[in-house]
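Undergrad: Just passing along the structure, written as structure tokens.
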Amino acid sequence: MHVLVAYASRHGATQGIAERIAETLGKAGIQAEARPVSEVKSLAGYDAFVVGSAAYMFKWLKDASAFVRRNRAVLTAKPVWFFSSGPTGGPLDAKGRDQKLTTVPKDAAELAEAVHARDLRIFFGAYSRDRKPVGLAERFMSVMPAMEGVPEGDFRDWPDIEAWASGIAEELSLVAPASR
Ligand SMILES: Cc1cc2nc3c(=O)[nH]c(=O)nc-3n(C[C@H](O)[C@H](O)[C@H](O)COP(=O)(O)O)c2cc1C
């Protein structure tokens, strides 16, 4: 069993989540590697996939959605799980709504359905106002008053991330070789 954890990350929070997922799978005896989607040239040789992206402006990063579209046939044929590194802050937003439910990126939900992903899991991410914006859109956004409301800090919930990855390891241990 060889699993690829493919991710798109702008500032490293999602990369950290992907690496922890691969590490947790490794501890469960599953060969797994985390790689940026932009560096994945071929999906040959992998038995299952975890695909994740940071959410920016209610969408996945283009690299991640393009990766899923381009590899749709292979991903549909194998066990696949999605995760999104999204809201920063507590479980509820300022209006008392569940942040994980209100920030599911629409494109990720559609792509998850298209490839029959077994789950689309939203994880809290990380954000710091001090970091250098990546790209024009982010530079523009960083001076918008709306960004003042984005909670700053590292909200990644490592036990939650590890528990999710352990669940994947359990499911994979039940996958019959013939259906791989
Ligand atoms: C300009 C900007 C826009 C963002 N938009 C969203 C969003 O629409 N939904 C969301 O859940 N998180 C949003 N976030 C939070 C990021 O997704 C979060 O910080 C994520 O963990 C960053 O991952 P990365 O370090 O891998 O790039 C936004 C952050 C910034 C700076």
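Rule-based calculations on the coordinates, nothing more; no lab input. The structure presented is a predicted model; accordingly, all values stated were derived computationally and were not measured. Cβ atoms come from the backbone with ideal geometry, glycine included; neighbour counts cover every protein chain shown.
Undergrad: Suppose we filter region 98-157 for residues that are touching a strand residue (DSSP E or B) at 6+ places or on another chain (Cβ under 8 Å), acidic (Asp, Glu) and assigned to a loop (DSSP other than H, G, I, E, B); how many remain?
TA: Residues in region 98-157 being touching a strand residue (DSSP E or B) at 6+ places or on another chain (Cβ under 8 Å), acidic (Asp, Glu) and assigned to a loop (DSSP other than H, G, I, E, B): 3 in total.
Undergrad: Can you confirm whether residue 83 is surrounded by 21 or more Cβ atoms within 10 Å (Cβ to Cβ), in contact (Cβ under 8 Å) with a residue 40 or more places away in the chain, in contact with a Lys or Arg (Cβ under 7 Å, 6 or more places away or on another chain) and closer than 23 Å to residue 22 by Cα?
TA: When the stated conditions are applied, residue 83 passes them.
Undergrad: Could you please tell me which pairs satisfy a Cβ distance under 7 Å, a separation of 6+ or placement on different chains, a first residue in region 8-23 that is among the charged types (D, E, K, R), and a second residue that is assigned to a helix (DSSP H, G or I)?
TA: Hits for this filter: 20/158; 20/161; 20/162.
Undergrad: Taking the criterion of being away from the ligand (no atom under 13 Å from the Cβ) and in contact with a helix residue (DSSP H, G or I) (Cβ under 6 Å, 6 or more places away or on another chain), would at least one residue in region 169-180 satisfy it?
TA: Restricting attention to region 169-180, the residues satisfying the condition of being away from the ligand (no atom under 13 Å from the Cβ) are 169-180.
Okay, now just the ones that are also in contact with a helix residue (DSSP H, G or I) (Cβ under 6 Å, 6 or more places away or on another chain), so 169.
Yes, region 169-180 has at least one match.
Undergrad: Scan region 30-45 residue by residue and report those that are in a loop (DSSP other than H, G, I, E, B) and over 18 Å from the mean Cα position of the chain (by Cα). It would help to see each step written out before you state the result.
TA: Let us first name the residues in region 30-45 that are in a loop (DSSP other than H, G, I, E, B), namely 30, 40-45.
Within region 30-45, 30, 41, 42, 44, 45 qualify.
Undergrad: Follow-up. Do the conditions hold for residue 21, that is, is it touching a Ser or Thr at 6+ places or on another chain (Cβ under 8 Å), part of a helix (DSSP H, G or I) and crowded, with 23+ Cβ neighbours inside 10 Å? Steps first, please.
TA: Details: touching a Ser or Thr at 6+ places or on another chain (Cβ under 8 Å): no; part of a helix (DSSP H, G or I): yes; crowded, with 23+ Cβ neighbours inside 10 Å: yes.
In short, no.
Undergrad: Now, a different point. Please go through region 148-162 and give me each residue that is within 22 Å of the chain's Cα centre (by Cα) and in contact (Cβ under 8 Å) with a residue 12 or more places away in the chain, ordered by number.
TA: Step one: list which residues in region 148-162 are within 22 Å of the chain's Cα centre (by Cα), which gives 150-162.
Selection gives 150, 151, 152, 153, 154, 155, 156, 157, 158, 160, 161, 162.
Undergrad: Working only within region 135-173, note down all residues that are β-branched (Val, Ile, Thr) and closer than 18 Å to residue 124 by Cα.
TA: The answer is 150, 161.
Undergrad: Quick check on my filter: what residues within region 86-102 are buried (at least 18 other Cβ atoms within 10 Å of the Cβ) and β-branched (Val, Ile, Thr)?
TA: If we filter region 86-102 for residues that are buried (at least 18 other Cβ atoms within 10 Å of the Cβ), which is where we start, we get 86-88, 99.
The answer is 88, and nothing else.
Undergrad: Another question about this same structure. Given (1) in contact with a strand residue (DSSP E or B) (Cβ under 9 Å, 6 or more places away or on another chain); (2) exposed (fewer than 12 other Cβ atoms within 10 Å of the Cβ), where does residue 161 come up short, assuming only one miss?
TA: (2)
Undergrad: Given (1) closer than 25 Å to residue 47 by Cβ; (2) within 15 Å of the ligand (Cβ to nearest atom); (3) over 13 Å from the mean Cα position of the chain (by Cα), identify the lone condition not met by residue 93.
TA: Unmet condition: (1).
Undergrad: If you don't mind, there's one more thing I want to ask. Would you check if there is a residue in region 125-134 being under 30 Å from residue 48 (Cα atoms) and of a type outside the set (Phe, Trp, Tyr)?
TA: The answer is yes; a qualifying residue exists.
Undergrad: Still on this model: Of (1) of a type outside the set (Val, Ile, Thr); (2) more than 16 Å from the ligand (Cβ to nearest atom); (3) crowded, with 16+ Cβ neighbours inside 10 Å; (4) without any contact (Cβ under 8 Å) to a residue 60 or more places away in the chain, residue 77 satisfies all except one. Which?
TA: Unmet for residue 77, out of (1) of a type outside the set (Val, Ile, Thr); (2) more than 16 Å from the ligand (Cβ to nearest atom); (3) crowded, with 16+ Cβ neighbours inside 10 Å; (4) without any contact (Cβ under 8 Å) to a residue 60 or more places away in the chain: (3).
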